[in-house]
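Take a look at the structure below.
The values are calculated or read from the model by the stated rules, or taken from the named source; none is laboratory data. Quick caveat, the model's predicted, so the values are computed rather than measured. Positions of Cβ are generated from backbone atoms using ideal geometry, with glycine treated the same way; all protein chains shown enter the neighbour counts.
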Amino acid sequence: MSNTNVTKLVQPGTFSDQLTDILRDGARTLLAQAVKAEVADFVAGHANLKTDAGHQRVVRHGQLPEREVMTGIGPVAVRQPRVRDLEVSAQNAERIKFTPTILSPYARRSKSLDVLLPILYLKGISTGDFSEALAALLGSNLDHARRRSVCGSS
């Protein structure tokens, strides 16, 4: 127990919610596992290719810097493993490159947000009703919950 009366102020636009933090940590873990599995499959698919010295030609080679991807539950940090082709020379100019399908190289937000933002803008500006646009992201339970709150039933 501390003997201080200093209270941390919440910055505008930020909040701390245990459930959201747990979901974000779970999303970070699942995304990391999925990206690692995709890289492992890619490297295993090229395991039969060898260099002139007899080593495996396509290998993991560290990680890219961590970046955040904006999702429906907020930003999720991810580190993508690198893959390196060891047999690139003048006579063999065809480099094997890894291009992830789960996490595209320049993605900064999930595709669901890319689709949602224009819908929110158009629906919100034209009608002032965001429920249809939010239902696209949150599912049809949003409409059911709204009806329950209006009717007062549970």
Go through (1) touching a helix residue (DSSP H, G or I) at 6+ places or on another chain (Cβ under 9 Å); (2) at pLDDT 85 or above; (3) within 30 Å of Gln18 (Cβ to Cβ) for Glu66 and report which single condition fails. (1)
Among the listed residues Pro75, Pro81, which satisfies the condition of being touching an Asp or Glu at 6+ places or on another chain (Cβ under 7 Å) and within 27 Å of Leu23 (Cα to Cα)? Pro75
Condition set within 16 Å of Gly74 (Cα to Cα) and of a type in the set (Lys, Arg), scope the stretch 17-47, selection modelled with the highest pLDDT: answer is Arg28
How about the stretch 48-63: which of its residues are surrounded by 12 or more Cβ atoms within 10 Å (Cβ to Cβ) and either modelled with pLDDT of 85 or more or under 15 Å from Arg82 (Cα atoms) (or both)? Leu49, Lys50, Gln56, Arg57, Val58, Val59, Arg60, His61, Gln63
Consider Gly62 carefully, then state whether it is on the phi > 0 side of the Ramachandran plot, assigned by TED's automatic domain parsing to the domain that holds Asp17 and touching a Lys or Arg at 6+ places or on another chain (Cβ under 6 Å). yes
